[in-house]
Ligand SMILES: [Fe+2]
């Protein structure tokens with residue numbers, strides 16, 4: 001048998017068709033690997049793997065990844081996995097700081113402008129919020145700037161939704177959730193499950209939340225540091241709002257004058273979710289609402305889509321799809 005040519009990858013004519021399929025070349029690497037998924041029984045899995053391979057190969061070719069960089073990436077991903085346990089999910093953090101969590105969230109919860117926009121759930125809704133009466137104060141540790149939160153839950157046409165459930169949780173004035181500081185913060189501090197009144201209205205007392213850093217003592221924190229990014233999230237109150245016959249929404253209420261409101265480490269901020277928290281200096285009003293004077297206020301209305309209302313499925317018209325060469329559309 002003659003010796004095989006030593007360097008055929010770039011200059012050889014197309015190989016004759018082989019019973020086992022096309023051989024790997026630099027030029028057609030993605031097509032060759034994608035073809036290996038041709039017999040995938042689940043069509044959605046086949047679509048995902050085919051697209052993933054095309055994008056991944058395009059990325060490697062785009063940056064001409066070196067073997068050292070590839071090795072470093074493998075080590076990084078290995079360490080990311082090793083950082084995960086029951087209370088720490090480093091892979092979700094990685095997804096967060098790459099904007100993938102927000103993109104998946106946004107794609108799956110399009111509103112079409114008729115309901116409150118969603119944002120990420122975040123990692124701190126790990127305990128049930130305690131049911132509380134309207135007006136109750138959820139700030140049990142007595143720290144921070146007092147604040148009255150008011151709002152109304154409606155359907156997409158503005159119709160009130162009596163009895164809607166409004167689940168809220170937030171960080172304290174030091175930038176920590178209760179579950180991060182067991183024994184330091186009171187249990188269930190700054191959490192509450194409220195039931196809207198007959199007009200769909202809700203109100204409760206709390207404090208103005210503070211910005212806080214995502215956990216940055218692992219590989220994701222190293223990535224942020226290496227790329228000159230900060231790990232902070234702007235101040236926010238988490239909401240999950242549900243009502244019978246309507247699509248629930250998981251969202252945040254952002255404080256407009258918080259640091260990092262325009263550079264959230266996880267890209268969770270949407271313009272429609274930012275509110276002013278004006279100060280009120282009125283002893284009579286303060287006494288009425290049961291807060292020390294002065295105090296801050298914020299109003300946050302929440303509109304839910306009806307359960308039978310199909311959310312928009314297409315991309316907004318002003319967003320052009322990005323085409324990666326060789327990726328089937
Ligand atoms: Fe949060």
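Computed from the coordinates by the stated procedures, all read-outs in this text should not be read as laboratory data. Nothing here was measured: the structure is a model prediction, and the numbers come from that model. Cβ placement follows ideal geometry from the backbone for every residue including glycine, while neighbour counts extend to all protein chains displayed.
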| Packing-wise, with mean Cβ within 10 Å as the measure, how do 145-153, 68-76 rank, highest first? | 145-153, 68-76
| remark: Per the C-alpha gyration tensor (a ≥ b ≥ c, the square roots of its eigenvalues), the range 35-140 is rounded if a/c is under 1.5, else prolate if a/b beats b/c, else oblate; here it's prolate
| Using a Gaussian network for the chain with springs between C-alpha atoms less than 10 Å apart, which of these wobbles most: 285, 44, 88? | 44
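Just check the range 232-282 against the gyration tensor rule for me: Cα atoms, a ≥ b ≥ c as the square roots of the eigenvalues, rounded for a/c under 1.5, and otherwise prolate or oblate depending on whether a/b exceeds b/c. Each step should come with its number before you reach the end.
Details: a/c = 2.94, a/b = 1.31, b/c = 2.25.
Oblate, because a/c is 1.5 or more while a/b does not exceed b/c.
Among 132-139, 202-209, how do they line up by average Cβ neighbours within 10 Å per residue, starting with the highest? Kindly include the intermediate steps, with their values, before the conclusion.
Values: 132-139: 16.9, 202-209: 22.9.
Result, highest mean Cβ count within 10 Å first: 202-209, 132-139.
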| remark: Within the set 283, 160, 131, GNM on the chain using Cα springs under 10 Å gives the largest fluctuation to 283
| Over the chain, what relative contact order in percent results from Cα pairs under 8 Å that are six or more residues apart? | 19
| note | Quick note on 264, 174, 85, ordering by fewest other C-beta atoms within 10 Å, gives 85, 174, 264
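Using only the Cα atoms of the range 19-62, build the gyration tensor, take square roots of its eigenvalues as a ≥ b ≥ c, and label the shape rounded, prolate or oblate: rounded if a/c is under 1.5, else prolate if a/b is larger than b/c, else oblate.
Working: a/c = 4.69, a/b = 1.20, b/c = 3.91.
It is oblate, given that a/c is not under 1.5 and a/b is not larger than b/c.
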| task | Could you check which residue among 105, 27, 159 shows the biggest mean-square fluctuation in a GNM of the chain with a 10 Å Cα cutoff? | result | 27
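In what order do 24, 300 fall by count of nearby beta-carbon atoms within 10 Å, going from fewest to most?
Values: 24 11, 300 21.
Result, fewest neighbours first: 24, 300.
Could you list 247, 233 so that the one with the fewest beta carbons within 10 Å of its beta carbon is first and the one with the most is last? Show your work: numbers first, answer last.
Details: 247 19, 233 28.
The order, fewest Cβ neighbours first, is 247, 233.
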| said: Quick check: Cα centre of the range 72-141 to Cα centre of the range 163-201, how many Å? | reply: 16
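Cα convex hull of the range 71-113: mean projected area in nm², to one decimal? Don't skip to the answer; put the middle values down first.
Values: hull surface 16.0 nm².
Seen from a random direction, the Cα hull of the range 71-113 projects 4.0 nm² on average.
Note down the Stokes-Einstein diffusion coefficient of the chain in µm²/s, whole number, using a Kirkwood radius over alpha carbon pairs, 20 °C, and 1.002 mPa s. Don't skip to the end; give the middle numbers.
Details: Rh = 23.3 Å.
Calculated translational D: 92 µm²/s.
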| said: Angle check, please: helix 67-82 long axis (alpha carbons) against the longest principal axis of the chain (alpha carbons), in degrees 0 to 90, nearest 10. | reply: 40
